[in-house]
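Input: a single structure, listed below in structure tokens.
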Amino acid sequence: MRNPESPLLNTGTVVWKSWQKKPALGVGLGVGLAGAVALAARYAFQRAVRQPIPDTISPAIFATRIANTSHGEIIYHISGAGEPLLFLHGIYPGASSYEWSRVYPAFAVGHEVIAPDLIGFAESERPRQGLDADAHAQALADFLYAVCAGRPARVAASGFGAAIALKLAVQHPDLVTSLILYAPIGLDASLRRIPLGLNTLAHTPLLNRFVYRNYFARKPVIRAWLARYGFSDASAITNEILDVLVTCANQYGAEHAMLAFLRGRLLYDVKSQLPRITQPVTVLWPASAGRFPDDLPQRLGSAIPHCRVVSAGTLGALGALEAPERLRVLIDEVLDGPIRRADVA
């Protein structure tokens with residue numbers, strides 16, 4: 001830790017076939033159990049070297065601090081003054097607050113911008129028992145009470161992190177004034193199914209950690225996931241992006257959160273919660289054929305009482321890294337004000 005304060009996807013000799021059918025949980029992570037074990041065994045002979053998380057995980061103008069919660073320590077990056085604006089990353093190997101690091105600095109003047117690593121990811125505490133959705137929501141509630149002193153925050157979240165943000169908003173409405181959800185696939189039941197092979201693997205002691213370390217956390221696999229699912233334009237994947245994700249995925253204990261995810265610990269009855277959202281919700285929806293269900297924006301718009309859907313153009317799941325300027329403009333329009341930049345690209 002640094003200063004605390006589907007088309008076929010080929011990876012090595014294994015062909016990922018989950019995309020030939022409707023995507024399931026962890027979109028892009030589906031792979032045959034035997035194939036994953038085989039490739040993990042191959043990579044096991046190439047020793048992975050753990051590196052400290054690079055400083056590029058957050059902009060230099062942001063302070064890095066620690067907050068204690070009922071479920072562990074959260075490391076977060078903070079700068080600015082004004083209404084709290086919280087950015088939550090998605091759930092995938094190597095996930096961290098870095099996902100939003102090219103977007104949130106633009107709002108540091110006029111807002112108190114806060115970007116945490118969820119518990120189990122990157123620099124935050126990585127407990128052996130991965131958190132479920134309720135625990136994540138409670139940890140974030142503790143976090144907001146500690147950091148924002150009871151002031152409600154606007155929350156921007158992506159991917160499966162959107163399901164956690166939604167639960168936070170429903171269970172603690174006094175802490176959330178509005179939600180901005182980018183590609184909220186965690187709110188779609190068909191995408192939250194757990195493939196049998198992955199579920200079996202996640203529940204198999206020793207083998208699960210072996211396959212995570214020697215398969216899911218490896219650079220070729222993460223690069224392939226980014227190219228197929230994270231980005232609509234693979235040429236936008238930089239060495240920095242790949243290095244940060246691989247480094248975060250290989251931190252000690254990083255496997256616990258992802259294995260909990262694959263066991264289904266983050267699943268809950270999202271559909272029953274949608275009508276309970278009292279805050280305004282804006283869905284930023286990327287148009288990427290084959291990656292996301294086309295009808296999800298309409299379903300969310302009709303199920304959530306105060307919801308509007310805004311097109312984000314053609315982007316992948318990590319749109320904040322692929323096209324940060326576009327996401328900055330869209331979020332600024334939601335916040336109803338001219339973008340106030342801190343001149344951080």
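The values are calculated or read from the model by the stated rules, or taken from the named source; none is laboratory data. Just so you know, these numbers come straight off a predicted model, no measurement behind them. Cβ coordinates were reconstructed from backbone atoms using ideal geometry, including for glycine residues, and neighbour counts include every protein chain displayed. These accessible areas exclude ligands, DNA and RNA; they are computed on the full protein's heavy atoms, side chains included. Shrake-Rupley method; radii C 1.70, N 1.55, O 1.52, S 1.80 Å.
Sequence-distant contacts, meaning Cα pairs under 8 Å at least 6 residues apart, place the relative contact order of the stretch 153-289 at 36 percent. About the centre of its Cα atoms, the stretch 157-230 shows a dipole size close to 480 debye [charges on the beta carbon of Lys, Arg (+1) and Asp, Glu (-1) only; nearest 20 debye]. Label separation (Leu206 vs Asn239): 3.9 nm, computed from points 7 Å beyond Cα along the C-beta direction.
Note on the stretch 203-262: dipole from Cβ charges, positive end direction compared against Pro205, Asn250, Ala260; the farthest Cα belongs to Pro205. All other residues whose Cβ lies under 10 angstrom from that of Thr56 are scored, Lys and Arg at +1 and Asp and Glu at -1, for a net of -3.
Taking all pairs of distinct Cα atoms, average 1/r, flip it, and tell me the Kirkwood hydrodynamic radius of the stretch 203-345 in Å to one decimal place.
That comes to 17.8 Å for the stretch 203-345.
Whole-Hz Karplus values for the stretch 210-215 come out as 4, 5, 4, 5, 9, 9 Hz, taken residue by residue from phi with 6.51 cos²θ - 1.76 cosθ + 1.60 and θ = phi - 60°; glycine and proline positions read x. Restricting the calculation to alpha carbons of the stretch 144-243 gives Rg and Dmax of 17.5, 45 angstrom.
Its convex hull of Cα atoms gives the stretch 41-193 a direction-averaged projected area, equal to a quarter of the hull surface, of 10.2 nm². Calculated on C-alpha atoms, the gyration radius of the stretch 88-157 divided by its Kirkwood radius gives an Rg/Rh of 0.96.
With all protein chains kept in place, the per residue accessible area of the stretch 139-259 amounts to 30 square angstrom at a probe of 1.4 angstrom.
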